[in-house]
1. Which residue out of V362, V329 is at pLDDT 90 or above, within 22 Å of Q251 (Cβ to Cβ) and within 22 Å of the chain's Cα centre (by Cα)?
2. Go through region 384-406 and report how many residues are part of a strand (DSSP E or B) and either buried (at least 17 other Cβ atoms within 10 Å of the Cβ) or under 19 Å from the mean Cα position of the chain (by Cα) (or both).
3. If S235 meets every condition in (1) in the same structural domain as F140 (by TED's automatic domain parsing); (2) more than 16 Å from the ligand (Cβ to nearest atom); (3) polar (S, T, N, Q) apart from one, which number is that one?
4. Can you tell which of T196, T240 is closer than 18 Å to R291 by Cα and in contact with a Cys (Cβ under 8 Å, 6 or more places away or on another chain)?
5. So, in region 158-175, exactly how many residues are among the aliphatic types (A, V, I, L, M) and either surrounded by 24 or more Cβ atoms within 10 Å (Cβ to Cβ) or not assigned by TED's automatic domain parsing to the domain that holds I122 (or both)?
6. I'd like to know if region 98-113 contains one or more residues that are surrounded by fewer than 23 Cβ atoms within 10 Å (Cβ to Cβ), within 16 Å of the ligand (Cβ to nearest atom) and either modelled with pLDDT under 95 or not basic (K, R) (or both).
7. Among the residues of region 133-169, which ones are among the aliphatic types (A, V, I, L, M), away from the ligand (no atom under 16 Å from the Cβ) and part of a helix (DSSP H, G or I)?
Amino acid sequence: MWLLRLASRFLNAPTIHNRADPDSCKLWPNNPGKFQLTANPINSFNHWLAPKPPAPRASRIASFTPDSNPLFLCSIRNVTVKDDVRPVGHLVSEERYGRRIARRLSGVGWDFSDADADRQSIHSFHSYPAKFIPEIPRAFIRELSPPAGTIVFDPFCGCGTTLVEAQAAGYASVGVDVNPIGCLITSVKTTPLPLTFTSEAESCLNRAREMAAMPLPKIPNLAHWFRRDVTQALSALRATIHDVRNRRVQQALEAVFSSIVVRVSNQDSDTRYAAVTKAMSAARVFDAFNRAAQSLAAIAIRTKPNAARATIINRSIFDVRASEIFGDVGLVVTSPPYPNAYEYWLYHKYRMWWLGYDPLAVKANEIGARAHFFSGRRHEQDFHAQMSKLFALLSAIARKKTYCCFVIGDSKIHGEVVDNCKHVQSAAQIHGFKLVFKADREINPHRKSFNLHHARIKREHVLVWQR
Ligand SMILES: C[S@@+](CC[C@H](N)C(=O)[O-])C[C@H]1O[C@@H](n2cnc3c(N)ncnc32)[C@H](O)[C@@H]1O
């Protein structure tokens, strides 16, 4: 260190050049007397030895990247920085840097009112009420640009919108969800579809059409929710999918099967758990399966963009240990479940029964399932404790300065609106996360969400903390 200090005396007009990202940091010689190195001496020494960049030009456009070394390496102390001017070559204090991030995030129109429904992308595969619109995780990843080599983490990944967007941006990701249907969809969306998929789908369909009557599956209340001919067609499809050898093709076909279950059942819709009469038949089931398989083949990814790996853990987040999340978490993007909003286990119940999962085990672990919230204010304490456990895990796995981005709505319980942000904010604070941004967004009235109809809540909140 003393060697470096000595060297700095003899070098006037120092230029520090960050090899990894030359544009991210150029130190202007307009205050050489106050120059001071603050980083690890070995790294600093490397930077000193790096060749000088071409004649420096002041730039007020490029911004410092979050968590990048330049923030530490290029520090000149005691310089006043105006808020709206890029402090070229001057100290960017962490507080001001935080404000810059908040300003960037305020520039995003979080309502995304003109968002395209992404019909032609993999996001449109399989309905999953209360899922993110892809613009939300896309904006977080773009604006907060996690350091290269780190992973994007979603502790409640649902049908994988965050993981798909992370993959498209070239980041590896990890998603956790207690719901096996969400995990199945996520896996199919983030795994290249094998070339044999279409022919295997056709073969399953043809064999199922010719199959003789099958014994009825052991599913509770089956006759109430499915016509007998529909049950026969679904049983035949399930049996042919079961025989597929290639596991990736089989998973994709299971997801296709799952995508049609509610439509061909007597259940009104994904957001209304009531039996209605529908004009359905075995032929229509096969037809729906065929169309769903073709549409998956048209939109699925064929290769992994930049080889970014998506890892999916099908478990309650409270049963996941920090050591199971490999790699450095550089960004968290999630929309947590919250009390009394949407019962994922209930609305996906028959998908789970048909595919051999146990919806009752999912129910027991699902945060916010309404059945848990019938007694007084217990729900609020429970939710606070659950969010506190979550932030304890995040603080164990997220590298320093990592941003945690949440989108969360309010609940209506016993007629009272409950501010869920308050609980998440308090849990985050307990574990040392600092709130750097908060905004409200209007929920698109056409979005499928149980909460909208049930509670008439039309807004949700965007919150970003930094560790
Ligand atoms: C709002 S949704 C997330 C949707 C997701 N952002 C997407 O785009 O698909 C909340 C998710 O939390 C999951 N969940 C509920 N309780 C959980 C728990 N204890 N552990 C992990 N996931 C849970 C639900 O299954 C649901 O998929």
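The values are calculated or read from the model by the stated rules, or taken from the named source; none is laboratory data. Small disclaimer: the values here were computed from a predicted structure and weren't measured. Ideal geometry is used to build each Cβ from the backbone, glycine not excepted, and the neighbour counts take in all protein chains shown.
1. Working: V329 fails: within 22 Å of Q251 (Cβ to Cβ).
Of the residues listed, the single one that is at pLDDT 90 or above, within 22 Å of Q251 (Cβ to Cβ) and within 22 Å of the chain's Cα centre (by Cα) is V362.
2. Step one: filter region 384-406 for residues part of a strand (DSSP E or B), giving 398-406.
Add one more test, that the residue is either buried (at least 17 other Cβ atoms within 10 Å of the Cβ) or under 19 Å from the mean Cα position of the chain (by Cα) (or both), and what stays is 398-399, 401-406.
Matching residues across region 384-406 total 8.
3. (1)
4. T240
5. Of the residues in region 158-175, the ones among the aliphatic types (A, V, I, L, M) are 163-164, 166, 168-169, 172, 174.
Keeping just the survivors that are either surrounded by 24 or more Cβ atoms within 10 Å (Cβ to Cβ) or not assigned by TED's automatic domain parsing to the domain that holds I122 (or both) gives 163-164, 166, 174.
Count: 4.
6. So the first thing to find is which residues in region 98-113 are surrounded by fewer than 23 Cβ atoms within 10 Å (Cβ to Cβ), and the list is 98-113.
Checking which are within 16 Å of the ligand (Cβ to nearest atom) leaves us with 110, 112.
Right, trim to either modelled with pLDDT under 95 or not basic (K, R) (or both) and you get 110, 112.
Yes, some residue in region 98-113 is surrounded by fewer than 23 Cβ atoms within 10 Å (Cβ to Cβ), within 16 Å of the ligand (Cβ to nearest atom) and either modelled with pLDDT under 95 or not basic (K, R) (or both).
7. Of region 133-169, the ones among the aliphatic types (A, V, I, L, M) are 133, 136, 139, 141, 144, 148, 151-152, 163-164, 166, 168-169.
Subsequent filtering for residues that are away from the ligand (no atom under 16 Å from the Cβ) retains 144, 148, 151.
Hit for region 133-169 is L144, nothing else.
Every residue, every condition in (1) of a type in the set (K, R); (2) over 20 Å from Q120 (Cβ atoms); (3) more than 16 Å from the ligand (Cβ to nearest atom); (4) in contact (Cβ under 8 Å) with a residue 60 or more places away in the chain, yes or no:
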{"position": "V174", "(1), (2), (3), (4)": "no, yes, no, yes"}
{"position": "D177", "(1), (2), (3), (4)": "no, yes, no, yes"}
{"position": "T186", "(1), (2), (3), (4)": "no, no, no, yes"}
{"position": "K189", "(1), (2), (3), (4)": "yes, no, no, yes"}
{"position": "S203", "(1), (2), (3), (4)": "no, yes, yes, no"}
{"position": "N206", "(1), (2), (3), (4)": "no, yes, yes, no"}
{"position": "E210", "(1), (2), (3), (4)": "no, yes, yes, no"}
{"position": "P215", "(1), (2), (3), (4)": "no, yes, yes, no"}
{"position": "H224", "(1), (2), (3), (4)": "no, yes, yes, no"}
